[in-house]
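The values are calculated or read from the model by the stated rules, or taken from the named source; none is laboratory data. Quick caveat, the model's predicted, so the values are computed rather than measured. So basically every Cβ, Gly included, is an ideal-geometry build from the backbone, and we count neighbours across all protein chains shown. Only protein heavy atoms, including side chains, enter the accessible area calculation; ligands, DNA and RNA are left aside. Shrake-Rupley method; radii C 1.70, N 1.55, O 1.52, S 1.80 Å.
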Amino acid sequence: MRQADGPSTGRQIGVSVALLVIDLMFVAWAVFAVGMEGWADSFESDGVPPGGPRVASQAAWLLGGSAVLTGCGLLALRWRIPGILQLVVLGFGAALVSAMGAG
């Protein structure tokens, strides 16, 4: 009998669901932080540069870096389902907060 080359599909799906919950909380935190900074910027009128774009840039780098590190790391370990999910969810979150900072 031949052994499987990687982890079972059921185990990968279980890990994917657990990581999805963590990813969604991370993306929600980033969106909340950027939104709060933009809201706070609306009250400043004394010539202070807005902090929203800076916070959005930091959040986008955190989300994008997390997507690359965790997604590619899982793909290198042959955990294809959670690796692809990490790349997609965290990459989408990075694009979302980046667009919030640009708008």
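The set of residues from the stretch 30-85 being open to solvent by 90 Å² or more (accessible area, probe 1.4 Å), part of a loop (DSSP other than H, G, I, E, B) and closer than 30 Å to Gly10 by Cβ comprises Leu77, Arg78. Within the stretch 75-103, residues that are β-branched (Val, Ile, Thr) have Cβ atoms under 8 Å from residues that are open to solvent by 80 Å² or more (accessible area, probe 1.4 Å) in these pairs: Ile81/Thr9; Ile81/Ile13; Val89/Leu24, counting only partners at least 6 apart in sequence or on another chain. Condition check: open to solvent by less than 40 Å² (accessible area, probe 1.4 Å) and either modelled with pLDDT under 90 or of a type outside the set (A, V, I, L, M, F, W, C) (or both). Does Gly14 satisfy that? Judged against the criteria, Gly14 is not a match. Determine whether Val34 is in contact with a Pro (Cβ under 7 Å, 6 or more places away or on another chain) and hydrophobic (A, V, I, L, M, F, W, C). For Val34, the condition - in contact with a Pro (Cβ under 7 Å, 6 or more places away or on another chain) and hydrophobic (A, V, I, L, M, F, W, C) - is not met. Taking first residues from the stretch 14-36 that are among the polar types (S, T, N, Q) and partners that are open to solvent by less than 40 Å² (accessible area, probe 1.4 Å) and in a helix (DSSP H, G or I), the Cβ contacts under 7 Å between residues at least 6 apart in sequence or on separate chains come to Ser16/Pro82.
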